[in-house]
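Peer 1: Quick one: the structure is below, and I'll ask about it shortly.
The values are calculated or read from the model by the stated rules, or taken from the named source; none is laboratory data. Since we're looking at a predicted model, the values are computed, not measured. So basically every Cβ, Gly included, is an ideal-geometry build from the backbone, and we count neighbours across all protein chains shown. With ligands, DNA and RNA removed, areas are computed over all heavy atoms of the protein, side chains included. Shrake-Rupley method; radii C 1.70, N 1.55, O 1.52, S 1.80 Å.
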Amino acid sequence: QVQLVESVGGLVQAGGSLRLSCAASGLTFSRYALGWFRQAPGKEREFVSAISWSGGRSSYADSVKGRISMFRDNAKSTVYLQMNSLKPEDTAVYYCAGGYFRNSEYVPGGLNEYDRWGQGTQVTVSS
């Protein structure tokens, strides 16, 4: 079983950058598709980005395209979310999620497609 732990988030000025990481323990990390979701106060948890377990495909929400990218390092069992040009509306608790799929190129975009979740980390963007 894979356990996921996000790095500590932080406070950043609008226009700034922040990198989150999600470290995994377990024996099957390389076979897990990984995603990032976020939830602002009073809002539903929403999809941010995801990457297939092959690492060959990725997907991003329209709201973050061009500003946010994902990277995975299977040797370190870690996935990263690089966030640039941050906006106040990016403020949320960010969650790392994982799920196993037979298709190595599959990029899950649905909340209900993941069965492993980190505890979340707070990201606050000030104006």
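Peer 1: Quick one: Karplus J couplings for the stretch 83-89, per residue in order, coefficients 6.51, -1.76, 1.60, θ = phi - 60°, nearest Hz, x for Gly and Pro?
Peer 2: Those phi angles translate into 10, 10, 6, 5, 10, x, 6 Hz.
Peer 1: Excluding the sites themselves, what is the longest stretch of the chain that contains no trypsin sites (Lys or Arg not before Pro) in a DSSP loop with at most 12 other C-beta atoms within 10 Å? Before the final figure, lay out each step's value.
Peer 2: On the way: sites that count: Lys43, Lys65, Lys76, Arg102.
It runs 1-42.
Peer 1: Per residue, how big is the convex hull around the C-alpha atoms of the stretch 51-110? Give it to me in cubic angstrom, could you? Intermediate results must be reported in sequence, preceding the final value.
Peer 2: Details: hull volume 6.0 nm³, N = 60.
Cα-based convex hull of the stretch 51-110, divided per residue, equals 100 Å³.
Peer 1: Could you provide, to the nearest whole Å², the per residue accessible area of the stretch 1-87 with probe 1.4 Å? Don't skip to the end; give the middle numbers.
Peer 2: Working: 4510 Å² over 87 residues.
Per-residue value: 52 Å².
Peer 1: Can I ask one more? Could you look at the stretch 1-94 and say what percent of its accessible area is carbon and sulfur, using a 1.4 Å probe and all protein chains?
Peer 2: Working: 2310 of 4770 Å².
Summing carbon and sulfur atoms, their accessible area is 48 percent of the total for the stretch 1-94.
Peer 1: How many nm is it between the label spots at Lys65 and Gln122, if each spot is 7 Å from the Cα in line with the beta carbon?
Peer 2: The modelled label-to-label distance comes out at 3.3 nm.
Peer 1: Report, in whole Å, the centroid distance computed from the Cα atoms of the stretch 39-60 and the stretch 70-127.
Peer 2: 5 Å
Peer 1: Taking the Cα centre of the chain as origin, sum charge times position over the Cβ atoms of Lys and Arg (+1) and Asp and Glu (-1), and report the length of that vector in debye to the nearest 20. It would help to have the intermediate numbers written out before the result.
Peer 2: Values: 13 positive and 10 negative charges, 44 e Å.
For the chain, the charge dipole is close to 220 debye.
Peer 1: Continuing with the same structure: Residues of the stretch 101-127 with amide nitrogen under 19 Å from the 7 Å Cα-to-Cβ point of Ala14?
Peer 2: Within reach of a label on Ala14: 123-127.
Peer 1: Please compute the net charge surrounding Tyr100, taking Lys and Arg as +1 and Asp and Glu as -1 over other residues with Cβ under 11 Å from its Cβ.
Peer 2: On the way: positive: Arg31, Arg102, Arg116; negative: Glu113, Asp115.
That works out to +1.
Peer 1: Give the residue list of GluC sites (Glu not before Pro) in the stretch 21-126 that are DSSP loop and have at most 16 other beta-carbon atoms within 10 angstrom. Don't skip to the end; give the middle numbers.
Peer 2: On the way: sites: Glu44, Glu46, Glu89, Glu105, Glu113; in loops: Glu44, Glu105.
Answer in residue order: Glu44, Glu105.
Peer 1: For Lys65, go through the lysines and keep the ones whose alpha-carbon is under 19 Å away, minus same-chain ones fewer than eight residues off.
Peer 2: Lys87
Peer 1: Moving to a separate point now. Using only Cα atoms, what is the ratio of the radius of gyration of the chain to 2.2 N^0.38 Å?
Peer 2: Numbers: Rg = 13.6 Å, N = 127, 2.2 N^0.38 = 13.9 Å.
Dividing the Cα Rg of the chain by 2.2 N^0.38 Å gives 0.98.
Peer 1: Related question: Tell me, what ³J(HN,Hα) does each residue in the stretch 53-59 have, in order and in whole Hz, if you take phi through Karplus 6.51 cos²θ - 1.76 cosθ + 1.60 with θ = phi - 60° and put x for Gly and Pro?
Peer 2: 6, 6, x, x, 9, 8, 9
Peer 1: So how far apart, in nm, are the two label points at Phe101 and Thr28 if each is 7 Å from Cα heading toward Cβ?
Peer 2: 1.6 nm
Peer 1: May I pose another question? Work out the charge dipole of the stretch 7-111 with +1 on the Cβ of Lys and Arg and -1 on the Cβ of Asp and Glu about the Cα centre, then indicate which of Leu11, Thr28, Tyr94 is farthest towards its positive end.
Peer 2: Of the options given, the answer is Thr28.
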